[in-house]
Amino acid sequence: MLGSIAKRVAVRMLERSDNPQLQDLAKWINDAEGRAVDLVLETLASVFKSGGKLDQSTADEIAKIKSGQTALPPAPPYEAWTATAPYLVVYARFCAATARLAAWRGAIYLDGFFHSENCTSLWIFESREVPKIDIAQTSGDAELLPIGLDIKVFLLPRLSDQDRDAANARLGSNFTAWSKATTLDDLDQVKYVTEDEVTVYEWRRGPGSRSGKQELTVHPILDRDAGLGALYESLEPAIEARDRVLTAARRKSQEP
């Protein structure tokens, strides 16, 4: 799991396209340098944001990256923590990949979170812009930023694949209506993520009671692969389900 999350996501998306050149480029990405992969992910995000699909124009853009015709971005600041907090860097990479692909639509439901596969995480991007992902040392352990700030993550009981996709479809078809119907105040919220712990502001309620109080609860990260694996495996189908209605509407509007 210490490999590039962005690379895994990009490879999976390109392999599933119906363009042979994109499928060949997926093989190159397996060996590509991390910053080139980040640029490929930016290209894929732009395609989804514009309502397009992965086609020959996408292949041409990625081919330019492969050939060195496109300048690579500088290494993100969180990579400087690779030696001292390697797993926190992995979490940062996943957040960066998710933000590039999902922030513009405001929110997304994914399976699991860093500490557990047995939950569903609702990611809210406050500004709909891709936030700066970083790691910072405060008074205690190094923390993942901007979890709890520009990226708010709420935890729900684990949804089935079908229910997760349906939730993403509702979100994607009408974000305003979804926002009005979704009460975030009743959900447990992630406040801090360190390399070994996830701190959650959780509701404590008595049996049969709708009232209660919130308390900070620290969850140790005991099985990194399980939580990350659930997040990664759900990312592509979650994006597809969330954007399906919008993509179909845009393509219909472009028909002669």
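Kindly provide the set of residues from segment 13-28 that are more than 11 Å from A59 (Cβ to Cβ) and exposed (fewer than 15 other Cβ atoms within 10 Å of the Cβ), ordered by number.
E15, R16, D18, K27
Test A99 against the criterion of being among the small types (G, A, S) and within 22 Å of V153 (Cα to Cα), and give yes or no. Talk me through it step by step, then tell me what you get.
Details: among the small types (G, A, S): yes; within 22 Å of V153 (Cα to Cα): yes.
Considered against the rule, which asks whether it is among the small types (G, A, S) and within 22 Å of V153 (Cα to Cα), A99 comes out as yes.
Table: residues versus (1) under 30 Å from S173 (Cβ atoms); (2) in the same structural domain as R16 (by TED's automatic domain parsing).
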residue	(1), (2)
A59	yes, yes
A63	no, yes
Q69	no, yes
W81	no, no
Y87	no, no
T98	yes, no
I108	yes, no
D111	yes, no
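Could you pull out the residue among L187, L159 that is within 16 Å of S234 (Cα to Cα) and surrounded by 16 or more Cβ atoms within 10 Å (Cβ to Cβ)?
Details: L187 fails: within 16 Å of S234 (Cα to Cα).
Every option except L159 fails the conditions.
Working only within segment 159-173, note down all residues that are basic (K, R) and farther than 11 Å from I108 by Cβ. Give the derivation first.
The initial filter retains those residues of segment 159-173 that are basic (K, R), namely 164, 170.
Selection gives R170 alone.
Please state which one of Y91, Y109, Y78 is buried (at least 20 other Cβ atoms within 10 Å of the Cβ), in contact with a strand residue (DSSP E or B) (Cβ under 6 Å, 6 or more places away or on another chain) and within 16 Å of R8 (Cβ to Cβ). Can you show your working first?
Working: Y109 fails: within 16 Å of R8 (Cβ to Cβ); Y78 fails: within 16 Å of R8 (Cβ to Cβ).
Exactly one of Y91, Y109, Y78 is buried (at least 20 other Cβ atoms within 10 Å of the Cβ), in contact with a strand residue (DSSP E or B) (Cβ under 6 Å, 6 or more places away or on another chain) and within 16 Å of R8 (Cβ to Cβ), namely Y91.
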So Y91 clears everything in (1) in contact (Cβ under 8 Å) with a residue 60 or more places away in the chain; (2) in a strand (DSSP E or B); (3) not charged (D, E, K, R) except one condition, right? Which one? (2)
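Among the helices (runs of 4 or more DSSP H) confined wholly to segment 15-79, which include 2 or more residues that are at pLDDT below 85? Outline the logic, then answer.
Numbers: elements: 20-29, 34-49, 56-67.
Fully inside segment 15-79 and qualifying: 34-49.
Condition test on S139, is it part of a strand (DSSP E or B), small (G, A, S) and more than 22 Å from D38 (Cβ to Cβ)? Lay out the reasoning, then the answer.
Details: part of a strand (DSSP E or B): no; small (G, A, S): yes; more than 22 Å from D38 (Cβ to Cβ): yes.
It is false that S139 is part of a strand (DSSP E or B), small (G, A, S) and more than 22 Å from D38 (Cβ to Cβ).
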Selection within segment 175-184 - surrounded by 13 or more Cβ atoms within 10 Å (Cβ to Cβ) and in a loop (DSSP other than H, G, I, E, B): T182
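The values are calculated or read from the model by the stated rules, or taken from the named source; none is laboratory data. This structure is a prediction, so every number in the text was calculated from the model and none was measured. Reconstructed Cβ throughout: ideal geometry from the backbone, glycine too, with neighbour counts over all protein chains shown.
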